[in-house]
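Each remark here refers to the structure printed beneath this line.
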């Protein structure tokens with residue numbers, strides 16, 4: 001178990017969505033924060049909101065997690081500012097719309113550099129310090145798309161499945177070494193964030209209406225709020241849960257793919273269509 005009160009956490013992707021909600025919830029529970037994001041304005045907004053309470057130490061760091069050198073610099077600065085830092089949440093992520101034949105190789109590498117390598121580099125940069133703490137925790141954000149693989153998400157699924165595999169293997173290594181570092185991998189279902197609105201579009205897509213339709217469909221089926229997701233993640237940290245599923249949709253799809261590992265998509269597609277029609 002990792003206690004939140006009295007801890008210090010590094011959170012990437014902290015300017016919006018789940019990352020922002022995590023920052024607010026962690027601070028409310030007595031945790032100091034090193035917040036990282038590319039969005040400096042968003043970071044300052046979060047910091048200003050937290051400063052109104054004034055009880056927690058909060059530092060902000062402009063970081064592109066697709067750049068390993070920037071992650072290294074972030075780790076050094078965060079640890080210098082928060083010597084007792086003992087929680088790392090690798091949350092930053094991006095989305096890319098389009099089938100495999102509609103996205104080019106550079107776009108796929110861009111996404112994987114952020115969504116997968118960002119997690120790996122972040123973990124590598126902070127792990128030596130975390131290993132020296134009495135208790136510590138790493139949280140890596142995968143996705144329900146790290147458990148199921150819908151059409152049109154080849155790049156995203158490749159990265160999120162990789163985060164899952166990396167995290168599970170590392171968790172076993174840490175346990176075998178009797179490390180004080182625990183590790184949770186998170187699989188959110190539909191969470192009401194701007195990730196789809198901010199997604200890039202494949203170079204092979206020329207139909208703007210398709211993007212608008214994807215955003216509308218996501219809004220129709222995303223039922224979990226960022227604060228609810230943050231609270232669930234923090235509960236998982238406190239209880240040292242190795243796998244954190246967020247939302248009833250994630251639990252349903254996880255269970256379905258266990259029973260129909262090769263044919264789950266037909267069932268899910270019909271269910272999603274019904275949910276969209278009810279909106």
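The values are calculated or read from the model by the stated rules, or taken from the named source; none is laboratory data. On a predicted model such as this, the values are computed, not experimentally measured, just so you know. Here Cβ is always computed from backbone atoms with ideal geometry, including for glycine, and neighbour counts include all displayed protein chains.
Mind checking which residues of region 7-20 are farther than 16 Å from residue 74 by Cβ and either under 11 Å from the mean Cα position of the chain (by Cα) or buried (at least 24 other Cβ atoms within 10 Å of the Cβ) (or both)?
17, 18, 20
It is to be established whether one or more residues within region 142-159 are at pLDDT 95 or above, more than 14 Å from the chain's Cα centre (by Cα), surrounded by fewer than 19 Cβ atoms within 10 Å (Cβ to Cβ) and farther than 18 Å from residue 98 by Cα.
There is no residue in region 142-159 that is at pLDDT 95 or above, more than 14 Å from the chain's Cα centre (by Cα), surrounded by fewer than 19 Cβ atoms within 10 Å (Cβ to Cβ) and farther than 18 Å from residue 98 by Cα.
Here are some conditions: (1) surrounded by fewer than 23 Cβ atoms within 10 Å (Cβ to Cβ); (2) touching a strand residue (DSSP E or B) at 6+ places or on another chain (Cβ under 8 Å). Residue 89 meets all but one. Which one does it not meet?
In the conditions (1) surrounded by fewer than 23 Cβ atoms within 10 Å (Cβ to Cβ); (2) touching a strand residue (DSSP E or B) at 6+ places or on another chain (Cβ under 8 Å), residue 89 misses (1) alone.
Does residue 125 satisfy the criteria of being in contact with a strand residue (DSSP E or B) (Cβ under 8 Å, 6 or more places away or on another chain), buried (at least 17 other Cβ atoms within 10 Å of the Cβ) and either modelled with pLDDT under 95 or assigned to a helix (DSSP H, G or I) (or both)?
In short, no.
Based on what the data block shows, is residue 231 part of a helix (DSSP H, G or I), surrounded by 14 or more Cβ atoms within 10 Å (Cβ to Cβ) and at pLDDT 95 or above?
The answer is yes for residue 231.
For region 154-166, does any single residue satisfy the condition of being in contact with a strand residue (DSSP E or B) (Cβ under 6 Å, 6 or more places away or on another chain), assigned to a helix (DSSP H, G or I), in contact (Cβ under 8 Å) with a residue 24 or more places away in the chain and under 18 Å from residue 11 (Cα atoms)?
There is at least one residue in region 154-166 that is in contact with a strand residue (DSSP E or B) (Cβ under 6 Å, 6 or more places away or on another chain), assigned to a helix (DSSP H, G or I), in contact (Cβ under 8 Å) with a residue 24 or more places away in the chain and under 18 Å from residue 11 (Cα atoms).
Suppose we filter 58, 65, 46 for residues that are crowded, with 21+ Cβ neighbours inside 10 Å and within 30 Å of residue 210 (Cα to Cα); which single one remains?
Answer to the selection: 65.
Which one of the conditions (1) in contact with a helix residue (DSSP H, G or I) (Cβ under 6 Å, 6 or more places away or on another chain); (2) in a loop (DSSP other than H, G, I, E, B); (3) farther than 30 Å from residue 26 by Cα does residue 261 fail to meet, given that it meets all the rest?
Answer for residue 261: the failing condition is (1).
Might you check whether a residue that is free of Cβ contacts under 8 Å to residues at least 24 places away in the same chain and within 19 Å of the chain's Cα centre (by Cα) occurs anywhere in region 80-91?
Scanning region 80-91 turns up no residue that is free of Cβ contacts under 8 Å to residues at least 24 places away in the same chain and within 19 Å of the chain's Cα centre (by Cα).
Of all residues in region 3-45, how many are in contact with a helix residue (DSSP H, G or I) (Cβ under 6 Å, 6 or more places away or on another chain) and more than 20 Å from residue 188 (Cβ to Cβ)?
Count: 3.
Read through the list (1) surrounded by 16 or more Cβ atoms within 10 Å (Cβ to Cβ); (2) modelled with pLDDT of 95 or more; (3) not in a loop (DSSP other than H, G, I, E, B), then give the number of the only condition that residue 241 fails.
In the conditions (1) surrounded by 16 or more Cβ atoms within 10 Å (Cβ to Cβ); (2) modelled with pLDDT of 95 or more; (3) not in a loop (DSSP other than H, G, I, E, B), residue 241 misses (3) alone.
For region 170-200, which residues satisfy the criterion of being assigned to a loop (DSSP other than H, G, I, E, B) and farther than 30 Å from residue 97 by Cα?
177, 178, 179, 180
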